[in-house]
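Asks: One structure follows; several queries about it will come next.
Derivation of every value follows stated rules applied to the coordinates shown; laboratory data play no part. Remember, it's a predicted structure, so these values are computed and weren't measured experimentally. Counting neighbours? That spans all protein chains shown, and the Cβs are built from the backbone with ideal geometry, glycine included.
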Amino acid sequence: MSHGFDLDSRLRKREDRDLRRHLEVAESVGARTRFGEDPKGEATEFGEETVVFAANNYLGLADDGRVQRAAELGARTVGTGAGASRLVTGDTRAHRALERDLAACKRSERALVFSSGYAANVGTIDALAPDAVFSDELNHASIIDGCRVGAGETVVYDHCDPEDLRAKLEARAAGAGTDESWLVVTDSVFSMDGDVAPLAALCDVCEEAGAWLMVDEAHATGVFDGGGGVVQREGLSDRVDIQLGTLSKALASQGGYVAGDEALIEYLLNAARSFVFSTGLAPPAAAAAREALRIARETDRTDRLWTTVERLREGFEAMGYEVLGETHILPVLVGDRADALALDEELREHGVVAPAIRPPTVPEGTSRIRVAPMATHTDADVERCLDAFERAGEEVGVL
């Protein structure tokens, strides 16, 4: 009798369901690069250069010289690693400078940087330990896991539906004590559909019910309103209790953050286990994120991104594709799982990397290609992408 784990069998089951994933090695991070198949323990062999429309590096700053120099300076002046939890000896001037700038950008009293956005979500929900969390049905996995760890009970409300949230809050109020703590959690930009949560309406519902609202701006930070997010674009900084996001997407670094009032941050730095028991964010990452945030706030980089987004959206729709959402994430709807996977492969044959997204990540019948433009994509890159989608779509039979 064996009490171990049959991992080969588990992998075969994923293979049978078209759910097995494979690593691909990128030669560099940027709008164009070469990829190689997973070499396991061997050296990588790269193929031809491709145009990358698959990264969350929305402002194209991951290979920007200014950000690279900031990271280098952080390493030279502070160190390559924090060396300990920030509550021990790992709290550095690089962390504090980034947190001051984040707080100013998010128009909050204070910010706290975590080692990842995942750690920020799980640590925050666990530390607050709400009696009930009301979570949008399409929230990110890190929010879902935070609810599993920290919530007394999780109530899922219909996607981007303030009225369904109101009904579920009222039902809870009818059967619960008056001293319960309630937390409503939503992404602002949803990464698979490219849509935006109705934050003003959610604020109204939360204020009526006496619940706190937590908004994850992972895919919005740096892209909207002078480097802020949707919360800032909508003028809701003083109505959202907890603003959370990542440094690893538009800000081209690593880590996550929480922004809010002084009491919230003081409590989290004492009670969030993913902060207390983790080594502080590496100083070069903090320095790089701070410089990326400065560029997002002070230059036209975001305008360049939105210009590229509109050109692509108009081009796809002119071909006959349906493009979901309203943001810088462009989900090109295909429908059938096999067609989406075939289109993904054919796009690669034409030198464009854009991933197929299929169930269970999205509902059956809504498989899609997720296109993520960067501000650094050139006119030639955009034309190459559009041409690839037209030719590949005809070859696969979806156009």
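Asks: Return the equivalent ellipsoid semi-axes of the stretch 65-298 as a descending list in whole Å, where each equals the square root of 5 times an eigenvalue of the C-alpha gyration tensor. Don't skip to the answer; put the middle values down first.
Replies: Working: eigenvalues 190, 73, 37 Å².
Values for the stretch 65-298, descending: 31, 19, 14 Å.
Asks: Report, largest value first, the span of the C-alpha coordinates of the stretch 336-375 along each principal axis, in whole Å.
Replies: The principal-axis extents, from largest down, are 29, 23, 10 Å.
Asks: Additional query: Kirkwood Rh over alpha-carbon pairs of the chain, then Stokes-Einstein at 25 °C and 0.890 mPa s: what D in µm² s⁻¹, rounded to an integer?
Replies: Details: Rh = 22.3 Å.
Value of D from the Cα-based Kirkwood radius: 110 µm²/s.
Asks: Okay, next question. Mind checking which lysines have their Cα closer than 30 Å to the Cα of K106? Skip sequence neighbours fewer than 8 apart in that chain.
Replies: Excluding near neighbours in sequence, the set is K168, K249.
Asks: What are the chymotrypsin sites (Phe, Trp or Tyr not before Pro) within the stretch 210-304 that DSSP puts in a loop, where the Cβ has at most 12 other Cβ atoms within 10 Å? Spell out each step's value before the answer.
Replies: Numbers: sites: W212, F224, Y257, Y267, F275, F277; in loops: F277.
Passing both the DSSP loop test and the Cβ count: F277.
Asks: Further, regarding this structure: Straight-line reach from K13: which lysines fall under 30 Å, measuring Cα to Cα and dropping same-chain residues less than 8 apart?
Replies: Cross-link targets: K40.
Asks: Only four residue types carry charge here, +1 at the Cβ of Lys and Arg and -1 at the Cβ of Asp and Glu. Report the dipole size of the chain about the Cα centre in Debye, rounded to the nearest 20. If you can, show how the numbers build up before the last one.
Replies: Values: 42 positive and 71 negative charges, 327 e Å.
Value, rounded to 20: 1580 debye.
Asks: In the stretch 354-399, which GluC sites (Glu not before Pro) fall in coil by DSSP and have 14 or fewer other Cβ atoms within 10 Å?
Replies: Numbers: sites: E364, E383, E390, E394, E395; in loops: E364.
Those satisfying the criteria are E364.
Asks: Using label points projected 7 Å from each Cα along Cα→Cβ, tell me how many nm separate R233 and A263, to one decimal.
Replies: If labels sit at R233 and A263, their model points lie 3.2 nm apart.
Asks: Related question: With the Cα gyration tensor of the stretch 108-216 giving a ≥ b ≥ c as the square roots of its eigenvalues, does the rule (a/c under 1.5 for rounded; else a/b larger than b/c for prolate; else oblate) give rounded, prolate or oblate? Before the final figure, lay out the partial values.
Replies: On the way: a/c = 1.58, a/b = 1.20, b/c = 1.31.
It comes out oblate by the Cα gyration axes.
Asks: Another question, if that's okay. Give the residue list of trypsin sites (Lys or Arg not before Pro) in the stretch 30-80 that are DSSP loop and have at most 15 other beta-carbon atoms within 10 angstrom.
Replies: Values: sites: R32, R34, K40, R66, R69, R76; in loops: K40.
In loop regions of the stretch 30-80 (DSSP not H, G, I, E or B), the sparsely surrounded trypsin sites (Lys or Arg not before Pro) are K40.
Asks: Using amide H atoms built 1.01 Å from N in the peptide plane, name the residues 5+ places from F114, or on other chains, whose amide H lies under 5 Å from its own.
Replies: G256, Y257, V258
Asks: Summing Lys, Arg as +1 and Asp, Glu as -1, what charge do residues with Cβ under 10 Å from the Cβ of I242 carry, I242 excluded? Write down the numbers at each step before the final one.
Replies: Numbers: positive: none; negative: D216, D241, D261.
Net local charge, I242 excluded: -3.
Asks: Given H placed on each backbone N at 1.01 Å, which residues far from R34 in sequence or on other chains put an amide H within less than 5 Å of it?
Replies: Answer set, sorted by chain and number: E27, S28, T50.
Asks: Give, rounded to the nearest 20 debye, the magnitude of the charge dipole that the stretch 65-298 has about its Cα centre when Lys and Arg contribute +1 at Cβ and Asp and Glu contribute -1 at Cβ. Each step should come with its number before you reach the end.
Replies: Values: 21 positive and 35 negative charges, 330 e Å.
It comes to approximately 1580 debye.
Asks: Still on this structure, I have one more. Using only the C-alpha atoms of the stretch 1-135, find the volume of their convex hull and express it per residue in Å³.
Replies: Considering the Cα atoms of the stretch 1-135, their hull volume per residue is 280 Å³.
Asks: Sticking with this one: Give me the extension gain from D131 to L399: residue separation times 0.36 nm, minus the current Cα-Cα distance, reported in nm with one decimal. Intermediate values should be presented prior to the final figure.
Replies: Numbers: separation 268, 0.36 × 268 = 96.48 nm, distance 4.97 nm.
Additional length available on full extension: 91.5 nm.
Asks: Can I ask one more? Using Stokes-Einstein with the Kirkwood hydrodynamic radius over Cα pairs, what translational diffusion coefficient do you get for the stretch 267-399 at 4 °C and a viscosity of 1.567 mPa s, in µm²/s rounded to a whole number?
Replies: Working: Rh = 17.0 Å.
Answer, rounded: 76 µm²/s.
Asks: Rounded to whole Hz and in sequence order, give me ³J(HN,Hα) for the stretch 80-85 from the Karplus expression 6.51 cos²θ - 1.76 cosθ + 1.60, θ = phi - 60°, writing x for Gly and Pro.
Replies: 6, x, 6, x, 6, 4
Asks: Considering only C-alpha atoms, what is the centroid distance from the stretch 198-262 to the stretch 350-394, in Å?
Replies: Cα centroid to Cα centroid, the span is 28 Å.
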